[in-house]
Amino acid sequence: MPEGTTASRLRLAGLSFLLQILTIILFAVFVRYSPESGSGPCSQQLNCSWKNRDLGFQHPRLQGRSEAGSTTVPETGFRHVHLQDLLGFGLLVAFLGRYGPGSVAISILVVAFAIQWAVLIQGFLYFFLNGKIYVGSQSMVSADFCTAAVLISTGALLGRVNPVQMLLLTLLGVTLFSINEYILLSLMGVSDSGGCLTVHTFSAYFGLMVSRILHQPHMDKRKEQQDTGHQPDVFTVLGTIYLWIFWPSFASATTVRNNAEPWAVLNTYFSLAASTLAAFVLSPVLYEESTLRMVQIQDATLAGAAVMGMAGEMLVTPFGALIAGFLAGLIPPLGFRFLTPVLRSRLKTQDTCGIHNVHGLPGILGALLGTLLAALATADAYGGRLELIFPLVAQGSRTATDQALCQLCALPVTLLLASLGGCLTGAVLKMKGLRSPPDTRYLENPGLREVAEEGGDRRASRKEPRTSTLV
Amino acid sequence: MPEGTTASRLRLAGLSFLLQILTIILFAVFVRYSPESGSGPCSQQLNCSWKNRDLGFQHPRLQGRSEAGSTTVPETGFRHVHLQDLLGFGLLVAFLGRYGPGSVAISILVVAFAIQWAVLIQGFLYFFLNGKIYVGSQSMVSADFCTAAVLISTGALLGRVNPVQMLLLTLLGVTLFSINEYILLSLMGVSDSGGCLTVHTFSAYFGLMVSRILHQPHMDKRKEQQDTGHQPDVFTVLGTIYLWIFWPSFASATTVRNNAEPWAVLNTYFSLAASTLAAFVLSPVLYEESTLRMVQIQDATLAGAAVMGMAGEMLVTPFGALIAGFLAGLIPPLGFRFLTPVLRSRLKTQDTCGIHNVHGLPGILGALLGTLLAALATADAYGGRLELIFPLVAQGSRTATDQALCQLCALPVTLLLASLGGCLTGAVLKMKGLRSPPDTRYLENPGLREVAEEGGDRRASRKEPRTSTLV
Amino acid sequence: MPEGTTASRLRLAGLSFLLQILTIILFAVFVRYSPESGSGPCSQQLNCSWKNRDLGFQHPRLQGRSEAGSTTVPETGFRHVHLQDLLGFGLLVAFLGRYGPGSVAISILVVAFAIQWAVLIQGFLYFFLNGKIYVGSQSMVSADFCTAAVLISTGALLGRVNPVQMLLLTLLGVTLFSINEYILLSLMGVSDSGGCLTVHTFSAYFGLMVSRILHQPHMDKRKEQQDTGHQPDVFTVLGTIYLWIFWPSFASATTVRNNAEPWAVLNTYFSLAASTLAAFVLSPVLYEESTLRMVQIQDATLAGAAVMGMAGEMLVTPFGALIAGFLAGLIPPLGFRFLTPVLRSRLKTQDTCGIHNVHGLPGILGALLGTLLAALATADAYGGRLELIFPLVAQGSRTATDQALCQLCALPVTLLLASLGGCLTGAVLKMKGLRSPPDTRYLENPGLREVAEEGGDRRASRKEPRTSTLV
């Protein structure tokens, strides 16, 4: 027993070391700071020529933002970046609070590595020129999105994979996420600035597929009983609060330009509010317990945020956001009641944190809503915004119907890539030598578990043995 | 017993559903996004004409901000809104941390509904044109203020009203708050950008009056013993920290313009610092216990913030803020020691979280200070700021003395409206069918209560059986 | 026993009162708001003349920022300040979470007083003109840095000094910190915008020296056993998260200008990521336990941040930040394993929170790295940045080698001042009448201690009886 533990401990140390060295070497060879932004007199010919024109490449998610930035007074870059990064890490924290409370240490390892790796992979896809990747604050923001997606995926697996597997999952997940995002945003010209498909749907089905491949009947059953009802409510409360504070601003940061009213921010707030009320409407009807748990409110909040990922910038009236948020808020209670048991027993897919109900289905609903809105898009309704939301339509190279078709096709493409990627990743994680039991001591933080056990001890009985935030 | 629980559970679900549907319908009929802010080429005649002039109506609290915004380079709108919303929700979180730790679920329900309702009511009062309400980020910010006021009011009632009553309180409280605010800011031209009277004083006396009407001798006595000393200190600590981070910037966000030094922000920080020291000076003298509890520091912090609500932008020297903060910090310990017992036994008004000492009295002190400063206001001392703080005085349509008189009159007006509104609301909440006991399981989050009970178990003895943050 | 408690209680109240009154008087006599920023028509001759030229004095740490500010459109001042203060208090919170979890009340007292005192002392050094100190948001930001340094210093002493001693430590620490900072930044022209030497190194050795002077063999031994392993992990998690969110933006806020890409922010993020991986690499090798504790990750995070204090703005390639962060992340595990026991047994210096490993050594490493980079600085590599980072080199009044020499000399100067200052402060704190035992009830928050004890109860065995976050 101690033998196995020591081995797995050293294996994690070795893999961390290897990956960090690999990243440092790749950074040393390829990554440079983007010189475009030098503001003083030119020191090199290269810098000067670059300073006078746009760099020519950028992450599609950040197109509007960057375009705006290049036309503004010099001073504005400063706070842009600070605020973006603040928001970005706030976003990660919200997911940490949700998917990592019992395993914060490992989740932080995932974040620390995923950010470095995402800067590299997305750099090769978007910011590669003359054999160098030019990074800047844009790289950090899109790396945040990518890291959030990986954290969501781990939500299906918490408690059943060991840290070494978690690191490999991060390595593959970041790569596959970036490829899917590149296909959708750059090749297909899909408008999905809040990550409805690229973040929520992709990560949910990727995580579920990995979970399916890793299915081990006996082990899962044991875990299941053990985990039921342990909930560190302090973290759930804080996670929900962080979501309310950071999510709307971040998810829509890239869609707001100039001094336009931030429809996407406001739509997201309205959606969050309506989805919260939906939880209070449906949960008491479905569950007999009289206590509405914080985790149910958090589920609704996340679903309300996910559904606005694509449509947030497209909705021209606030009541649309209220209706969409309300519908999204109904999904998690229904899903946990009727879908999760089927998923587990019939499809042999365990979903520790219920990411299917909270990210997968609301993401799909959001994508369908986005398709509908794209089909209805007219220059009259959007005015100057059209160029920002559907640049290809505004330029006349696509009709609104074509754009809607693209948005619709993006859904099966994402599902396909997520499933194939999940199979591949699951197969890698199942390789011999990695299958060691998840070394629970590593996954669990004794202090946190303590609080959780205290907190969940006298919990109200729940019909579904659900473990939304596993400890 | 289970019968009653099921009924009350379904009643809450039904009311939530009803209110959400009502809000959606009202939004669909009345609410549109403000078109003023489109930045691209005009798509409609309407948009164009609007873009070229000020929209003509706006929330008085945000006048300065908006005015500044309209003269700046286009790019600035972007972060404005993000930061404002960040700060706004940070503010709500601070109040959640304080007034909702034992009942976070219900408090989040209150927030989710109050925001929607406040956007509607304040929309009718400030942003109504041609049969439509035009909302924008301004609406969200002023809805945040309103929601904060409602959360303060619930502080007097926590543990003695059921969720259905809480929702009705929100419905009426938001409406009455908006009317009072409209009378003060728009009709009387009072300068109260930080909400000294409109938020702190109004909500404190509104909540106390509701508490008085709902008084039930036997019930209260039982509760009282039960609640003494349960304190989830984790939340108190976090709430205090959030206050320090978010309060000064938010409460003074609307008073800072151009590149003027942000006196209001700095004054509020100095006031917070001095009020904290005041708590350390007075508490050991009044209480024999040797432990200064976090909640006492939070009380002082809030009082120091409340007293700067009106005067923050008017004080031209930092030491004034230090003195005002120090005096405000002395109020809560004195109030809990001498006033709260009188309030409870003589006036039959229970005040669960002590909002009278923490918001009511410091708010009145702040209003008196603001009156004094308004009377002393001269163009010499304020320079260009005068136009921002006292626009009517700067325009010459009012003398400084008239302005001071207005500020002074605003106090009795607020007290009167708060009392009448509180009576009305209390009467509604007392209606038959609503008086069911507060269904403690709904109000209390088992996880949080656990932590709280552990935390408060071996508490130092307190002379006053005070329950600042009820569990 | 109760006698002593009452006396110490009243002594703290009296000292707080005295210091607050003293501060108010000094503020009343000396401190005025900086008039430079008035934006309206001039009300006084003085104001006008000031408005048309630079104020002429400013805090060196904020030089770049202010210079940028003075050339921009008027509107930008607004958010600058809000964001800065947000970040500043976020920074303090991160330190509160780390150094104050068991004594939050006293730590908040320290923060509240240190901010006022730092505004005064730094005002005399930097913003003094015609007998008045002109404060503005700059003062608040540099006061935040100073307060953070004092909080770090208390980390070596937690649990062994009483609140009265803590206040005196704050009084002297703030003064000495400001003098050291003034010598380094203003007199020697050292570039240290992130506080590598001024904050981390100074506060670590200052705190250690005070700890050495206050050494009491029997008492420390008793404490030691008592404190081992009590860890409120909730606060550690939150503190680490706050560090990730707020640190990079704040520590580099002053080095980012115009629309330059924020190298310092990005370097700090990369350093944090690499140092986190370093913790996962080294900890399992050095310690036999299989659980990586959150506090170890926090140590690595802080070390990764400290090492970027000086070099953050100087590194022109991201992989340099990865390497530096990785090396810094190796320091804390090695230090706690091999150095802390020597420090305690041989040098009789107890270091409650391990600030030597987490701030002292990484700070020195960062200073050496900064020296190296200063020596290598060329106009070619930095372009327009050179003026911002090394203004004296850019102006031609110094060669890069001279600048590097200055940076190097700053290290022994800081160590000397920290040691002498620590001796002096320790001697004052040892004075008769102050040596009363640390009145643990004051220092400890019962609620928090409860959580902590629960959390640490069944902790994994650690070889080193280390008490990173004392309760």
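The values are calculated or read from the model by the stated rules, or taken from the named source; none is laboratory data. The shown structure was predicted, so the numbers you read here are calculated from the model rather than taken from an experiment. Neighbour counts run over all protein chains shown; Cβ positions are idealised from the backbone, glycine included. Areas reflect the complete protein model, heavy atoms only, side chains present, ligands, DNA and RNA absent. Shrake-Rupley method; radii C 1.70, N 1.55, O 1.52, S 1.80 Å.
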Inset, instruction - Please average, across the residues of A:110-121, the number of beta carbons from any other chain that are within 10 Å of each residue's own beta carbon, and give a whole number. - result: 4
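Rank B:Phe280, A:Phe30 by accessible area, highest first, at a 1.4 Å probe radius?
Working: B:Phe280 0, A:Phe30 55 Å².
Putting B:Phe280, A:Phe30 in descending order of accessible area: A:Phe30, B:Phe280.
Once you have a ≥ b ≥ c as the square roots of the Cα gyration tensor eigenvalues for the range A:277-351, tell me rounded if a/c is under 1.5, and otherwise prolate or oblate according to whether a/b is larger than b/c.
oblate
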Legend entry - Cβ-vector label at 7 Å, B:Ala7, separations to other copies in nm: 6.4, 6.5
Inset, instruction - Quick one: what are the phi-derived ³J(HN,Hα) couplings along the range B:385-395, Karplus 6.51/-1.76/1.60 with θ = phi - 60°, whole Hz, x for glycine and proline? - result: 5, 3, 4, 7, 7, 10, x, 5, 5, 5, 6
Inset, instruction - Can you figure out the FRET efficiency of C:Lys348 with A:Ile25, using R₀ = 41 Å and their beta-carbon distance, to the nearest 0.05? - result: 0.40
Legend entry - Exam field: C:Asn130 pseudo-label spacings to other copies (7 Å along Cα-Cβ), nanometres: 5.4, 5.4
Inset, instruction - Partner chain Cβ atoms within 10 Å, averaged over the residues of B:27-34 - can you pull that number for me? - result: 5
Inset, instruction - Assign unit charges at the C-beta atoms only (+1 for Lys and Arg, -1 for Asp and Glu), then state the dipole size of the range A:310-393 relative to its Cα centre in Debye, rounded to the nearest 20. - result: 540 debye
Inset, instruction - Kindly give the distances from A:Pro341 to its copy-mates, label point to label point, with each label point 7 Å from Cα along Cα→Cβ, as nm values to one decimal ordered shortest first. - result: 5.7, 5.7
Inset, instruction - With a ≥ b ≥ c taken as the square roots of the eigenvalues of the C-alpha gyration tensor of the range C:318-389, please select rounded if a/c is under 1.5 and otherwise prolate if a/b is larger than b/c or oblate if it is not? - result: prolate
Legend entry - Accessible-area order (highest first, 1.4 angstrom probe) of the listed residues C:His215, A:His200: C:His215, A:His200
Inset, instruction - Let me know the shape class of the range B:283-440, please: from the alpha-carbon gyration tensor, a ≥ b ≥ c as square roots of the eigenvalues, rounded when a/c is under 1.5, otherwise prolate if a/b is greater than b/c, or oblate. - result: oblate
Inset, instruction - Would you work out the charge dipole size for the range C:264-419 about its Cα centre, treating the Cβ of every Lys and Arg as +1 and the Cβ of every Asp and Glu as -1, and quote it to the nearest 20 debye? - result: 360 debye
Inset, instruction - Quantify how strongly other chains surround peptide B:384-392 by giving the mean number of their Cβ atoms within 10 Å of each of its Cβ atoms. - result: 2
Legend entry - Separation of the B:Thr399 and C:Gln216 label points, Cα + 7 Å toward Cβ, nm: 6.6 nm
